[in-house]
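Down below is the structure, laid out as structure tokens.
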Amino acid sequence: MKRLDDAESRRLAMFWSGELAAHTTKPWRIMEICGGQTQSIVKFGIDQLLPPEIELLHGPGCPVCVTPLEMVDRALAIAARPDVIFCSFGDMLRVPGSTSDLLQAKALGADVRVLYSPLDALSIAKHNPHKKVVFFAIGFETTAPANAMAIQRARERGLSNFSALCSHVLTPPAMTSILQDPAQRVQAFLGPGHVCSVMGTAEYLPIAERYRVPIVITGFEPLDLLEGVCRAVRHLEAGESGVDNQYSRVVRPEGNRASQALLHEVFEVCDRKWRGIGLLPKSGLRLRYEYRAHDALHVFEVDDIVTEEPSECISGQVLRGVKKPPDCPAFAGRCTPEHPLGATMVSSEGACAAYHAYGRAPLPAARLTRGRAGAPP
Amino acid sequence: MCLGIPGLIISRQQEDDLLMGRVDFGGVSRKVCLEHVPDAQPGDYVLVHVGFALSRIDAAEAHKIFELLRELDQLTELEGEGEPEPARVLES
């Protein structure tokens, strides 16, 4: 199944490939939103199983990649304080700030800890009452419920030394922004399966209606992705817009209502800057006023942040699907996972890291022959 | 980073103000918050992200997703520092 190398998977892959070839009459551009989907597409060569008319564009669904530089610099400033234990998911440690990253800060003596769960930060706060414990709360809607639970319980337990540096982002506004971009090239979306397991599918309906696009909520196994593309193409060819749930075995239309209620209780929607993309209205979550005692932005005054992006990095265009990683002159040369210029080369879900990991050529990839199921790149 | 990892609930117990459980991820056991899947029992599979169960899923689906995540090298989130106290399995 995984590698498309057993007979049944190969048969199914050929079936979807054949369906696509039979139904595709003109060029279509389809964007997958989730970074996990991007990684799976590149690893298993899904894009190379498609008819030449269909182009897959990689979207901004890598939370590590889009966390704004100012927020990374702010994290570094807070982590450097001797009274702080700074807690983060491991993925953020190597994301470059303007001049450093959290891993370097740790090497220089900052107390930076990689946590499995934000709830673990509550125990650290309890056991270190004389320290300020700060959790770097990043992520999309899949990560937000865990972070919200930690923040809510910190407040209920009176853990006054716990705060969250909150930089959450939301999927639907990113899709809207891509569709509003005059240079936009996207005609259909593969929606993010695991995000929808929390949020449900309803919030994608207004986007599909307003912009007349099909949105196919899709899993991230190779056969899910092939089926998702096939469904999107059928809708495009038929001139249909709307929300189609390919991943119904995991995604219920209503999502997880308890998680949605908790998000609403702890967070409010705010404008958010996305790294490489810019300010997107109503695209983030911040702590509500009632939670300001646990808001690191309120607890720590960090001013005078002057950010500096490497001028050569085109990650912003990669995140919007305008360019692909091999279009960048620095790709795989001056920019590698060991020495990344931008965040899309750091996270395994970033398109640049995925292309690098799975050996995509540093020149625009020539399309391989169709129907190469069973021959992963 | 935004993907859930499927795991098997081994046990569940109330800890302070949270419904928690031991969840097995292909041999790696982690403490997981079960507050938002209150009906999930030991023996059920749940989709877990950063120590928080998001939904229940069936066993076949759980195995497929887990194998794919292993293939994609996406299980690293399980490597973070866990709970400070030693691991223990409690029956509810």
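The values are calculated or read from the model by the stated rules, or taken from the named source; none is laboratory data. All values reported here derive from a predicted model rather than from experimental measurement. Cβ placement follows ideal geometry from the backbone for every residue including glycine, while neighbour counts extend to all protein chains displayed.
Restricting to the stretch A:85-106, give me the number of residues that are among the β-branched types (Val, Ile, Thr) and either assigned to a helix (DSSP H, G or I) or under 22 Å from A:Glu349 (Cα atoms) (or both).
The qualifying residues number 1.
Consider the stretch A:222-246. How many of its residues are touching a Phe, Trp or Tyr at 6+ places or on another chain (Cβ under 9 Å) and part of a loop (DSSP other than H, G, I, E, B)?
So the answer is 1.
Taking A:Ser177, is it outside any loop (DSSP other than H, G, I, E, B), of a type in the set (S, T, N, Q) and over 29 Å from B:Phe25 (Cα atoms)?
It is true that A:Ser177 is outside any loop (DSSP other than H, G, I, E, B), of a type in the set (S, T, N, Q) and over 29 Å from B:Phe25 (Cα atoms).
If you go through the stretch A:265-276 one residue at a time, do you hit one that is within 14 Å of another protein chain (Cβ to nearest Cβ) and surrounded by fewer than 23 Cβ atoms within 10 Å (Cβ to Cβ)?
yes
Please go through (1) within 30 Å of B:Ala59 (Cα to Cα); (2) touching a strand residue (DSSP E or B) at 6+ places or on another chain (Cβ under 6 Å); (3) aliphatic (A, V, I, L, M) for A:Val299 and return the number of the only condition it doesn't satisfy.
(1) is the only condition that A:Val299 fails.
Just to be sure, is A:Asn161 within 17 Å of B:Lys31 (Cβ to Cβ), among the polar types (S, T, N, Q) and modelled with pLDDT of 95 or more?
Considered against the rule, which asks whether it is within 17 Å of B:Lys31 (Cβ to Cβ), among the polar types (S, T, N, Q) and modelled with pLDDT of 95 or more, A:Asn161 comes out as no.
Take B:Asp73 and decide whether it is among the charged types (D, E, K, R), modelled with pLDDT under 95, closer than 17 Å to A:Ala148 by Cα and surrounded by fewer than 19 Cβ atoms within 10 Å (Cβ to Cβ).
no
Conditions tested, residue by residue: (1) crowded, with 24+ Cβ neighbours inside 10 Å; (2) modelled with pLDDT of 90 or more; (3) in the same structural domain as A:Ser100 (by TED's automatic domain parsing); (4) out of contact with any Cys (no Cβ under 8 Å at 6 or more places or on another chain).
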| position | (1), (2), (3), (4) |
| --- | --- |
| A:Arg11 | no, no, no, yes |
| A:Arg29 | no, yes, no, yes |
| A:Gly59 | yes, yes, no, no |
| A:Leu69 | no, yes, yes, yes |
| A:Ala75 | yes, yes, yes, yes |
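Of all residues being assigned to a helix (DSSP H, G or I), surrounded by fewer than 24 Cβ atoms within 10 Å (Cβ to Cβ) and over 21 Å from the mean Cα position of the chain (by Cα) in the stretch A:150-172, which is farthest from the other protein chains (Cβ to nearest Cβ)? Just the residue, please.
Checked the stretch A:150-172; the qualifying residue farthest from the other protein chains (Cβ to nearest Cβ) is A:Arg155.
Regarding A:His298, is this residue exposed (fewer than 15 other Cβ atoms within 10 Å of the Cβ) and within 14 Å of another protein chain (Cβ to nearest Cβ)?
In short, no.
Taking the condition under 19 Å from the mean Cα position of the chain (by Cα) and in contact (Cβ under 8 Å) with a residue 60 or more places away in the chain, does A:Val269 pass?
yes
In the stretch A:148-175, how many residues are under 23 Å from A:Leu319 (Cα atoms) and touching a residue at least 60 places away in the same chain (Cβ under 8 Å)?
9
Against the conditions (1) within 14 Å of another protein chain (Cβ to nearest Cβ); (2) assigned to a helix (DSSP H, G or I), where does A:Pro60 fall short? Just the number, please.
So the condition that A:Pro60 fails would be (2).
Among the residues of the stretch A:22-41, are any touching a Lys or Arg at 6+ places or on another chain (Cβ under 8 Å), away from chain B (no Cβ under 14 Å) and within 15 Å of A:Arg231 (Cα to Cα)?
yes
For A:Cys87, all conditions in the list (1) crowded, with 24+ Cβ neighbours inside 10 Å; (2) of a type outside the set (S, T, N, Q); (3) within 22 Å of the chain's Cα centre (by Cα); (4) at pLDDT below 95 hold save one; what is the number of the exception?
Result: A:Cys87 fails condition (4) only.
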